[in-house]
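This report concerns only the one structure given below.
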Amino acid sequence: MNLLFIGDIVGKPGRELVRKGLKALVDAHDVDLVVANVENAAAGFGITKEIGETILEWGVDVMTTGNHVWDKKEAIDYIPNEPRLLRPANYPAGVPGKGAFVASTRDGRAVGVINVMGRIFMPGLDDPFAVVLKEIEAIRHRTRVILVDFHAEATSEKMAMGWHLDGKVTAVFGTHTHVQTADERLLPNGTAYLTDAGMTGPHDSIIGMDKTAALSRFLNGMPSKFEPATGNPRLNGVVVTCDDRTGRATAVSRINYSDADLHELPLRPAVRGTGA
Ligand SMILES: [Fe+2]
Ligand SMILES: [Fe+2]
């Protein structure tokens, strides 16, 4: 079984890559199920019902989020009615929505998806290391194939989660930094790991936002309004191959495609340089 995980979709440039490229990507990598982080899908901040429904129509099976999940207030009403939209499982009890979902591939095989959020340089939530074990336990009888989106800032916390879950889940993929890391690997007990899947959005930017406004905050410390950038859109993510009887990952590869690369699939290699 092949699972595709797409790193944080940022604004319209990110959504357009998914709209235009996802089908070719699914064909090229023989993907059985698609998971995407959508916390920045609505103009860089949050998710709406309309955008969520559109992303699902384009072929994403499960949507994960992170600290931006509530940026658009309508998400509070949307999330209880859409089980395929997750928020981090370690929000305190009583918060709307859920942090786990068991999806089904087109041929009926179950795949669990869990979303948790880190606590280093992030809003203070419940302990993700304890919560994720409870979530795994709750769905383990339904599937051995489980993908975890660990939405976190610190590489140390993410690596710790990878080792914490080695042999317990199929994959631990990080999100939130919007910068893809080059450390994809199979951990010894069969869990695929990547510190950050990267960003599906405009890469001529500062983590997706317009360079001028984001840079000025660093230059003069004054508040400035962030707007999503538009230049150099790239689709970032990771594909994991696993044995669906055991849940063990057998291969993992990063993807980093420009719009042109997506048009030329499957001719292009999976990872391409981002230089000019
Ligand atoms: Fe993000
Ligand atoms: Fe985030």
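The values are calculated or read from the model by the stated rules, or taken from the named source; none is laboratory data. The model shown is predicted, which means the values in this text are computed figures rather than measured ones. Every residue, glycine among them, receives a Cβ derived from its backbone with ideal geometry; neighbour counts consider all protein chains shown. These accessible areas exclude ligands, DNA and RNA; they are computed on the full protein's heavy atoms, side chains included. Shrake-Rupley method; radii C 1.70, N 1.55, O 1.52, S 1.80 Å.
Annotations for the structure displayed:
- Looking across the range 131-173 at every residue that is of a type in the set (Gly, Ala, Ser) and at negative phi, the one that is farthest from ligand 1 (Cβ to nearest atom) is identified as 138.
- Hey, residue 179 in a strand (DSSP E or B) and either under 22 Å from residue 140 (Cα atoms) or open to solvent by 30 Å² or more (accessible area, probe 1.4 Å) (or both) or not: no
- Within the range 231-246, residues that are charged (D, E, K, R) reach partners that are in a loop (DSSP other than H, G, I, E, B) with beta carbons closer than 6 Å, at six or more positions or on different chains, in the pairs 234/203; 244/1; 244/109; 244/145.
- Residue 54 being within 16 Å of ligand 1 (Cβ to nearest atom), of a type in the set (Ser, Thr, Tyr) and touching a residue at least 24 places away in the same chain (Cβ under 8 Å): no
- Total residues in the range 61-102, condition of a type outside the set (A, V, I, L, M) and within 15 Å of ligand 1 (Cβ to nearest atom): 10
- Residues (within 12 Å of the chain's Cα centre (by Cα) and away from ligand 2 (no atom under 16 Å from the Cβ)) located in the range 62-89: 62
- Members of the range 42-51 that are within 16 Å of ligand 2 (Cβ to nearest atom) and either open to solvent by 40 Å² or more (accessible area, probe 1.4 Å) or in contact (Cβ under 8 Å) with a residue 40 or more places away in the chain (or both): 43, 44, 45
- Matching residues in the range 122-160 - criterion: being free of Cβ contacts under 8 Å to residues at least 12 places away in the same chain and either touching an Asp or Glu at 6+ places or on another chain (Cβ under 8 Å) or of a type in the set (A, V, I, L, M, F, W, C) (or both): 130
- Exactly one residue out of 124, 108, 190 is part of a loop (DSSP other than H, G, I, E, B), away from ligand 2 (no atom under 16 Å from the Cβ), open to solvent by 50 Å² or more (accessible area, probe 1.4 Å) and not charged (D, E, K, R), and it is 108.
- From the options 249, 229, 213, residue that is modelled with pLDDT under 95 and either closer than 17 Å to residue 43 by Cβ or surrounded by 13 or more Cβ atoms within 10 Å (Cβ to Cβ) (or both): 213
For (1) acidic (Asp, Glu); (2) within 16 Å of ligand 2 (Cβ to nearest atom), each residue gets a yes or a no:
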position	(1), (2)
16	yes, no
24	no, no
31	no, no
40	no, yes
53	yes, no
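- Cβ-Cβ contacts under 7 Å between residues 6 or more apart (or on different chains), taken from a first residue in the range 99-121 that is in contact (Cβ under 8 Å) with a residue 24 or more places away in the chain and more than 30 Å from residue 156 (Cα to Cα) to a second residue that is open to solvent by 30 Å² or more (accessible area, probe 1.4 Å) and hydroxyl-bearing (Ser, Thr, Tyr), are listed as 110/104.
- Among residues of the range 130-165 being open to solvent by 60 Å² or more (accessible area, probe 1.4 Å) and within 16 Å of ligand 2 (Cβ to nearest atom), the one that is nearest to residue 119 (Cα to Cα) is 153.
- Residue in the range 177-185 that is touching a strand residue (DSSP E or B) at 6+ places or on another chain (Cβ under 6 Å), under 30 Å from residue 250 (Cα atoms) and within 16 Å of ligand 2 (Cβ to nearest atom) present: yes
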